[in-house]
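I'd like to ask some things about the structure below.
The values are calculated or read from the model by the stated rules, or taken from the named source; none is laboratory data. What you are looking at is a predicted structure, and each value in this text was computed from that prediction instead of being measured. Because the Cβ atoms are built from the backbone with ideal geometry, glycine has one as well, and the counts that use them run over all protein chains shown.
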Amino acid sequence: MPLNSAQSIPAEEGSATSAPFNFTAIALLLLLLGIGAAYILDALANRTGDEKESLYAPPFLSQIVGGKTLHIPKRWFHPPAPKNGEFSDQLDLQIKLRFAPDVSPTLLDIRLTPASGAQPSAYLLDAVYLKQFSSRQVKGPVGLVGKPLRNEGGFQNETVWYDPLSPTPFVAKCISAVEPEQPASCLRTVYLPDQIAVTYQFPADILEYWRHFDAVMEPWLFEMGLSSNL
């Protein structure tokens, strides 16, 4: 009996000392799992946020451009946002739009100015770009002709894309990105009936949806208080 009792004591001491260790290990494991889950949820939340289009939602700022009063969501402005009710010769906005149901929203930079502040791309096609076309033609979105500009007169690594069949053609000028894996950035300026010029800056892969570019933009312009250019 004494021997058996003596043998049982170390076992009881071992259980007593290992229990706190086990609880500590379990608590640490749960903590690590919780942190990992938080990172996963945060990543998913950020990814979901990237998939969302911009909303025309308050708070709004009223801005007057070219005599036209516009009501624009404050979050669309590049910070710092202007003061409410100001007159402005230039408004710079950023919004995310979805150009097709099965594609992610694309971030566009949009500049609004009085019509006198910019020339429409369709005008520049004949007045400027045509004279700078190189002899080459590049392949691209169906329905558009791509003509690289000669590397002179300030045009470097730039290509003009245009619809050759329309009397009021879609025209965009794109410049190659510094990083090869990044898409080219394109500029397109149009005039609206309100005598306001809208300049869009967008990734070149959006050229694929050029046929309904204006149709996608129309409701957003209308919400702000602008007339459609269609």
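If you go through the range 138-149 one residue at a time, do you hit one that is under 21 Å from Ser54 (Cβ atoms), in a loop (DSSP other than H, G, I, E, B) and touching a Leu at 6+ places or on another chain (Cβ under 9 Å)?
Within the range 138-149 (the criterion being under 21 Å from Ser54 (Cβ atoms), in a loop (DSSP other than H, G, I, E, B) and touching a Leu at 6+ places or on another chain (Cβ under 9 Å)), the answer is no, since none of the residues qualifies.
Sticking with this one: Check every one of the strands (runs of 3 or more DSSP E) wholly within the range 65-122 and list those with 3 or more residues that are surrounded by 15 or more Cβ atoms within 10 Å (Cβ to Cβ).
68-73, 91-97, 106-114
Quick one: Lys131 ticks every box in (1) over 26 Å from the mean Cα position of the chain (by Cα); (2) loosely packed, with under 11 Cβ neighbours inside 10 Å; (3) closer than 18 Å to Ala204 by Cβ; (4) not β-branched (Val, Ile, Thr) except a single one, so which number is it?
That leaves (3) as the condition not met.
If you don't mind, there's one more thing I want to ask. Within the range 211-222, is there a residue that is in a loop (DSSP other than H, G, I, E, B), surrounded by fewer than 17 Cβ atoms within 10 Å (Cβ to Cβ) and assigned by TED's automatic domain parsing to the domain that holds Arg150?
Checked the range 211-222: no residue is in a loop (DSSP other than H, G, I, E, B), surrounded by fewer than 17 Cβ atoms within 10 Å (Cβ to Cβ) and assigned by TED's automatic domain parsing to the domain that holds Arg150.
To continue, here is another question. With touching a strand residue (DSSP E or B) at 6+ places or on another chain (Cβ under 8 Å) and of a type in the set (Asp, Glu) as the only criterion, which of Glu86, Glu152 stands out?
Glu86
Name the residues in the range 189-210 that are outside any helix (DSSP H, G or I) and over 17 Å from Gly117 (Cβ atoms), would you?
Phe202, Pro203 - these are the residues of the range 189-210 that are outside any helix (DSSP H, G or I) and over 17 Å from Gly117 (Cβ atoms).
Kindly check whether there is at least one residue in the range 169-180 that is closer than 13 Å to Phe213 by Cα and basic (Lys, Arg).
no
Another question, then. Among the residues of the range 164-177, is any among the aliphatic types (A, V, I, L, M), buried (at least 16 other Cβ atoms within 10 Å of the Cβ) and in contact (Cβ under 8 Å) with a residue 60 or more places away in the chain?
No, because not a single residue in the range 164-177 is among the aliphatic types (A, V, I, L, M), buried (at least 16 other Cβ atoms within 10 Å of the Cβ) and in contact (Cβ under 8 Å) with a residue 60 or more places away in the chain.
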